[in-house]
Ligand SMILES: NC(=O)C1=CN([C@@H]2O[C@H](COP(=O)(O)OP(=O)(O)OC[C@H]3O[C@@H](n4cnc5c(N)ncnc54)[C@H](OP(=O)(O)O)[C@@H]3O)[C@@H](O)[C@H]2O)C=CC1
Ligand SMILES: O=C(O)C1=N[C@H](C(=O)O)C[C@H](O)C1
């Protein structure tokens with residue numbers, strides 16, 4: 001039987017990629033398309049931007065989730081958290097790509113995973129998830145004498161900083177080195193900052209143009225610098241990863257997972 005997929009933020013940059021990827025997957029069907037209440041896309045066919053008619057209209061009524069197998073959500077934290085509550089009520093699994101959650105928001109998602117199965121990942125691409133494995137090795141090997149800096153660049157319309165991916169990469173290195181990101185992170189430098197404090201993980205955020213997503217983790221030592229980078233050139237990598245996650249969740253009743261689980265990299 002086809003996986004019945006609902007998509008939140010259906011008219012957004014990622015939402016449209018997800019609609020297209022769902023239509024292209026032979027074993028998936030588009031069950032519902034949601035957008036923000038008040039959005040001027042409500043009532044439009046979800047595939048109109050492709051010049052197609054699917055019969056699935058974009059709506060804001062969350063009762064449309066009933067009967068779906070999974071909701072794929074790339075929206076904003078407040079939208080995702082409302083969707084989490086609705087999915088819990090309807091017994092619909094979730095794939096969450098949204099970034100920018102505070103601690104309470106992240107905790108609410110983990111708590112919901114007691115009742116439904118959730119994949120929550122700040123980056124759905126194969127490449128970035130491979131980077132995580134490389135950073136586990138590099139973080140351990142370069143634990144002493146190397147300063148860690150995470151640099152990311154995204155398009156001018158991105159609203160959260162640093163990116164969820166940058167935070168995840170920083171967290172990976174911190175964990176590999178026996179620290180938490182909370183104690184190690186330095187998010188801004190300005191003025192007379194003093195010398196760099198050993199053991200910190202610095203973040204630099206660049207925004208501009210239509211950059212889809214560039215991330216570099218630097219290990220800067222004396223006499224050498226190691227840089228591990230990923231550059232996205234098309235958002236399909238995130239949509240394809242989400243469809244893989246939908247297959248991974250099929251038949252699961254509950255539990256919290258990330259893309260390391262989906263890709264078998266754990
Ligand atoms: N995990 C991953 O691999 C990736 C994650 N992302 C993350 O996904 C999120 C969305 O990115 P992107 O598609 O570029 O953003 P867009 O702004 O293009 O799309 C967001 C969509 O969500 C809708 N939306 C906004 N607020 C709400 C709400 N409160 N309730 C319901 N719907 C809402 C928007 O509607 P409207 O336009 O009317 O406001 C829009 O349709 C971001 O957090 C981004 O960081 C992005 C790419 C990859
Ligand atoms: O907003 C984006 O575009 C992206 N957001 C994610 C993030 O914050 O890490 C993933 C990707 O980098 C694109």
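Key figures
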item: Packing rank of 5-11, 103-109, where each peptide gets the mean count of other beta carbons within 10 Å, highest leading; result: 5-11, 103-109
item: Distance histogram for the chain (every C-alpha pair counted, 5 angstrom bins, percent rounded to whole numbers); result: 1, 6, 13, 16, 18, 15, 12, 8, 5, 3, 2, 1, 0
item: Length gained when the stretch residue 137-residue 155 is fully extended (0.36 nm per residue, less Cα-Cα span); result: 3.5 nm
item: Relative packing of 15-22, 85-92, 138-145, which averages over residues the other C-beta atoms within 10 Å, highest first; result: 15-22, 85-92, 138-145
item: Rounded if a/c under 1.5, otherwise prolate or oblate - the range 126-232, Cα gyration tensor axes; result: oblate
item: Approximate spin-label separation residue 63-residue 78, in nm, with each point projected 7 Å along Cα-to-Cβ; result: 2.5
item: Overall dimensions of the range 100-179 by Cα: Rg and Dmax, Å; result: 14.5, 45
item: Angle between the chain longest axis and helix 77-90 axis [Cα atoms, degrees, rounded to 10]; result: 50
item: Degrees, to the nearest 10: 126-141 long Cα axis against longest axis of the chain; result: 30
item: Helix 164-176 vs. the chain, principal-axis angle (Cα, 0 to 90°, nearest 10); result: 50
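Values in this text are rule-based calculations from the coordinates and carry no lab data. None of the values given here were measured: they were computed from a predicted structure. Every residue, glycine as well, gets a Cβ built from its backbone with ideal geometry; the counts of neighbours run over all protein chains shown.
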